[in-house]
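Structure, as structure tokens:
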Amino acid sequence: MPDYMLLLHERPEAFESLSPQEMQGIIARYVAWRTDHSSHVTGGNKLRDDAGRVIERREVRDGPFAESKEVVSGYFLIAAANYDNAVEIAKGCPHLELGGRIEVREIEPT
């Protein structure tokens with residue numbers, strides 16, 4: 001069964017106005033989705049909110065910056081029969097309900 005990466009994209013300001021209780025509710029939705037799809041989800045993490053680093057051919061710089069319109073905020077690794085199955089699994093992720101978008105990419109077998 002092929003492996004896929006679900007790259008979670010979001011706008012940095014999307015969660016700024018949420019209370020701690022609202023954030024806990026959102027986290028619970030992600031946990032429930034991951035549990036419901038435990039036979040497919042093989043890994044995943046939220047990325048830290050810091051700026052990270054961007055590497056280009058001859059330059060390393062801080063970024064992406066908070067003023068970016070969109071950042072990659074995390075990922076899930078899933079096993080699915082094919083792209084259509086991976087997309088169906090991704091469609092249920094609460095990330096979409098929160099205004100984010102998910103990029104589905106097949107991982108090249110090694």
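The values are calculated or read from the model by the stated rules, or taken from the named source; none is laboratory data. Model, not experiment: these values are computed from the prediction. All Cβ positions, glycine included, derive from the backbone under ideal geometry; neighbour counts span all protein chains shown. We work out accessible area using only protein heavy atoms, side chains counted, and drop any ligands, DNA or RNA first. Shrake-Rupley method; radii C 1.70, N 1.55, O 1.52, S 1.80 Å.
For the reader, a short list of remarks on this structure follows.
- When only the Cβ of Lys, Arg, Asp and Glu is charged (+1, +1, -1, -1), the dipole of the stretch 16-58 relative to its Cα centre reaches about 300 debye.
- The mean accessible area for residues of the chain, using a 1.4 Å probe and ignoring ligands and nucleic acids, is 70 Å² per residue.
- Across Leu6, Leu47, Leu98, the residue with the most accessible area heads the list, and the full order at a 1.4 Å probe is Leu47, Leu98, Leu6.
- DSSP-assigned coil residues among chymotrypsin sites (Phe, Trp or Tyr not before Pro) in the stretch 3-110, each with at most 16 further Cβ atoms within 10 Å: Phe65
- The GNM of the chain, with springs linking C-alpha atoms under 10 angstrom apart, assigns the highest mean-square fluctuation among Glu97, Glu56, Glu16 to Glu56.
- Computed in the context of the full set of protein chains, the accessible area of the chain at 1.4 Å probe radius has 52% of its extent on carbon or sulfur.
- Projecting label points 7 angstrom from Cα along Cα→Cβ for Leu47 and Ser19 puts them 3.1 nm apart.
- Along the chain, longest interval not containing exposed trypsin sites (Lys or Arg not before Pro), exposed being DSSP loop plus at most 15 other Cβ atoms within 10 Å: 1-47
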